[in-house]
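See below for the structure under consideration.
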Amino acid sequence: MEPSHKDAETAAAAAAVAAADPRGASSSSGVVVQVREKKGPLRAAIPYMPFPVAVICLFLNTFVPGLGTFVSAFTVLCGARTDLPDRHVCCVFWLNIAAALIQILTAIVMVGWIMSIFWGMDMVILARYKEQGIPQQL
């Protein structure tokens with residue numbers, strides 16, 4: 001079976017790309033792109049909790065906006081780790097209390113309720129990372 005016209009064009013294009021590359025490698029060789037999420041102070045203050053506690057906080061945030069976030073603030077005082085290692089525990093505690101108040105006060109216009117549910121989902125995601133021992137790189 002003879003190669004088709006398209007196969008010949010593809011081979012010619014690949015040869016042109018290889019000739020243009022000074023390293024002699026193809027264009028698909030070893031380029032790694034890493035994306036990191038930049039977290040604000042409120043988002044970085046979400047504690048890494050045990051998975052069952054995070055699920056309870058998600059449940060509380062779903063039905064009473066801000067309550068799960070308020071409970072999670074106290075886990076910081078009990079030693080839960082956050083992405084703000086350079087801040088004092090009290091500062092991180094008050095950041096979580098501020099997030100809970102924002103959720104409670106804006107729940108009237110549904111913004112706080114939606115924020116509260118997403119906050120609870122973030123708690124569960126962070127707890128899953130902790131539980132599986134995966135270093136979080138987001």
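The numbered conditions (1) out of contact with any Ser or Thr (no Cβ under 6 Å at 6 or more places or on another chain); (2) of a type in the set (Val, Ile, Thr); (3) closer than 16 Å to Lys39 by Cβ are all true for Val92 except (1).
The set of residues from region 81-138 being within 19 Å of Leu58 (Cβ to Cβ), open to solvent by 50 Å² or more (accessible area, probe 1.4 Å) and of a type in the set (S, T, N, Q) comprises just one member, Gln132.
If you go through region 44-74 and keep only what is touching a strand residue (DSSP E or B) at 6+ places or on another chain (Cβ under 9 Å) and assigned to a helix (DSSP H, G or I), you end up with just Ala54.
The values are calculated or read from the model by the stated rules, or taken from the named source; none is laboratory data. Owing to the predicted nature of the structure, the values given are computational and were not obtained by experimental measurement. As a convention, Cβ positions derive from the backbone with ideal geometry for all residues, glycine included, and neighbour counts pool all protein chains shown. Remember, those area values only see protein heavy atoms, side chains included, never the ligands or the DNA or RNA. Shrake-Rupley method; radii C 1.70, N 1.55, O 1.52, S 1.80 Å.
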